[in-house]
1. Rounded to the nearest Å, what's the spacing between the alpha carbon centres of the range 109-123 and the range 6-22? Just the number, please.
2. For the range 1-90, which whole-number percentage of the solvent-accessible area (1.4 Å probe, protein heavy atoms only) is attributable to carbon and sulfur atoms?
3. For SER102 and LEU58 in the same chain, what is the full-extension length gain: residue separation times 0.36 nm, less their Cα-Cα distance, in nm?
4. Would you kindly state how much longer the chain becomes between THR26 and ALA14 on full extension, computed as 0.36 nm times their sequence separation minus their alpha carbon distance, in nm to one decimal?
5. Peptides 23-29, 10-16, 68-74, 89-95: what's the order by average Cβ count within 10 Å, highest mean first?
6. Can you give me the relative contact order of the range 25-120 as a percent, contacts being Cα pairs under 8 Å and 6 or more apart?
7. Name the residues whose placed amide hydrogens come within less than 5 Å of the amide hydrogen of GLY10, ignoring near sequence neighbours (fewer than 5 apart) on the same chain.
8. Enter the accessible area per residue of the chain (Å², integer; probe 1.4 Å; all protein chains in place).
Amino acid sequence: QVQLVESGGGLVEAGGSLRLSCTAHTQTFSSYDMAWFRQAPGKERAFVAGINWSAGRLLYADSAEGRFTISRDNKKNALYLRMNSLKPEDTAVYYCAATDVSFSKDPAGYPYWGQGTQVTVSS
């Protein structure tokens, strides 16, 4: 069982940056692959970035490539998403998710989710 708590969301102007954090309450964080998803109003939850347990494999959605960086600190039980050059279309609730199998872009593959943190980018 994993409990996930996101933080770091907020209101930022277009072109600005934010760093999201996700703290995992578990004794075995390093055994989980992790990912960030986002959900905008009226849209389905979408994959943003994923990272395997050792940080040896990373994957980004096309919309995040080159602007966002996913990372993790297994000693701190923490997952991060650094977001640069933010655009109004990045406005969404951002969720971290954990899986005990290899991460994928399909949200159905993640049994553990945080409550989400709102990111709003003004134009």
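1. Here the answer is 11 Å between Cα centres.
2. Working: 2190 of 4770 Å².
About 46 percent, which is the carbon plus sulfur part of the accessible surface.
3. Working: separation 44, 0.36 × 44 = 15.84 nm, distance 1.13 nm.
My answer for the length gained is 14.7 nm.
4. On the way: separation 12, 0.36 × 12 = 4.32 nm, distance 3.54 nm.
Gain on extension, THR26 to ALA14, equals 0.8 nm.
5. Numbers: 23-29: 15.9, 10-16: 12.9, 68-74: 17.6, 89-95: 19.6.
Those peptides, ordered most packed to least, come out 89-95, 68-74, 23-29, 10-16.
6. Details: 179 pairs, mean separation 29.9, N = 96.
For the range 25-120, the relative contact order is 31 percent.
7. Those lying under 5 Å, H to H, from GLY10 are VAL119, THR120.
8. Working: 6250 Å² over 123 residues.
That works out to 51 Å² for each residue.
The values are calculated or read from the model by the stated rules, or taken from the named source; none is laboratory data. All values derive from a computational prediction rather than experimental measurement. Ideal geometry is used to build each Cβ from the backbone, glycine not excepted, and the neighbour counts take in all protein chains shown. To get the accessible areas, we keep the full protein, side chains included, count just its heavy atoms, and leave off ligands, DNA and RNA. Shrake-Rupley method; radii C 1.70, N 1.55, O 1.52, S 1.80 Å.
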